[in-house]
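Peer 1: My questions will all concern the structure given below.
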Amino acid sequence: MASSPSSSANAARKALGNELRRIRLAADLSAAALAQATGAVCGRAWHRTKVSKLEHGVTAPTVEDIRVWCEVCGVPERVEGLIEQRNAVAIAYIEYRGMKRAGMRRLQQSFVGLWQQTSQFSIYEPLVIPGVFQTEAYARAILSAVIEMGRLPDDLDAAVEVRIGRQSVLDGTRAFSVVLEEQALYTRFGSGEVMAEQLERLLAVGRMPGVSVGVISATAVRDPAWPVNGFWIYDGRTVITEIPTAQITVTHGPDVETFSRLFSGLTRMARTGAAAEAMIGTAIGVHRQK
């Protein structure tokens, strides 16, 4: 089960706190000694409870807190890495509640810059066809359901226009590695004809240069990878995944590497080429019969 955005952020903050504690212990400093020593660095000593709150993830450290901590502990070379980790915690999630007033168009638009800057997309989706490959009718059916479920402002036409416009990244200069679960071929959004046309579009895009589409059979053995929420990896540096209430962004190196290993495992499980096309063709036939 996916964790909530708040629990994900809390876990990331505690992981950063644990790292600060390891640095303090390696410097052979008690919490009280570290707090006292900060006075020589920043002019006024911290209260020892601040050290405890930072180490237990109760309080998120500022950039200056990290610089002072590392100077006191004699490891200034750790500053930049810890700041990077701290920034990853700060943007760990964006709750959708704050986007309700702006509507879905703004959310769709927020991805444009990232997509344009990305050269390699690694995409895993268990239930839907990725937005970059969607037909207008399929996109309309999905976004309509999202707007209704989230009780968002109805800017459906504008949101669909932006989503389809983002497909300009399919210009032959970028690489797309896509892995779908077989269920994504059958989870219906819109009519049977909408689904059939969407899968035909998937076949066509999958034959474009730089695009690879794999499909994991519903009967595949889940070893070493298992089904999870859909996620997108951008140039091997940023991962974005979504749950019903939030968008979660992962930029911390070790965590991104975990997603990359998971994607590699899923890729190995997937059928590609003619085998994948045959699975898609079968699904097209099923949708046209209903």
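Peer 1: In whole Hz, what ³J(HN,Hα) sequence does region 60-71 give by Karplus (6.51, -1.76, 1.60; θ = phi - 60°), x for Gly and Pro?
Peer 2: 7, x, 7, 4, 5, 4, 5, 4, 5, 4, 5, 5
Peer 1: Hey, which aspartates and glutamates would be in cross-link range of LYS50, C-alpha to C-alpha under 15 Å, not counting anything within fewer than 8 residues on its own chain?
Peer 2: GLU64, ASP65
Peer 1: Further question on the same structure: When the helix-only estimate is applied to the chain (DSSP H runs of n ≥ 4, each -39,500 (n - 2.57), divided by the residue count), what is the mean residue ellipticity at 222 nm, nearest 500 deg cm²/dmol? Working shown, then result.
Peer 2: Details: 12 runs with 150 residues, N = 290.
For the chain, the value works out to -16000 deg cm²/dmol.
Peer 1: Now a separate question. Taking amide H positions as placed 1.01 Å from N in the peptide plane, with prolines and chain starts having none, which residues 5 or more places from ILE243, or on another chain, fall under 5 Å of its amide H?
Peer 2: Sorted by chain and number, the residues that satisfy this are ILE248.
Peer 1: Please work out the ratio of the alpha-carbon Rg of the chain to 2.2 N^0.38 Å and round it to two decimals. It would help to have the intermediate numbers written out before the result.
Peer 2: Details: Rg = 23.0 Å, N = 290, 2.2 N^0.38 = 19.0 Å.
My calculation over the Cα atoms of the chain gives 1.21.
Peer 1: So for the chain: antiparallel DSSP bridges make up what percent, rounded to the nearest 5? Let's see the in-between values first.
Peer 2: Numbers: 17 of 29 bridges.
The antiparallel proportion sits near 60 percent.
Peer 1: Could you run the Karplus curve 6.51 cos²θ - 1.76 cosθ + 1.60 with θ = phi - 60° over region 258-267 and give me ³J(HN,Hα) per residue in whole Hz, x for Gly and Pro?
Peer 2: Here the 3J(HN,Hα) series is 4, 5, 5, 5, 4, 5, 4, x, 5, 4 Hz.
Peer 1: Right, another one. By the gyration tensor of its Cα atoms, with a ≥ b ≥ c the square roots of the eigenvalues, what is the shape of region 190-254: rounded for a/c under 1.5, prolate for a/b over b/c, or oblate?
Peer 2: Values: a/c = 1.58, a/b = 1.53, b/c = 1.03.
Prolate, since a/c reaches 1.5 and a/b exceeds b/c.
Every number in this text was worked out from the coordinates using simple rules, so none of it is lab data. If you're wondering where the values come from, they're calculated on a predicted model, not measured in any experiment.
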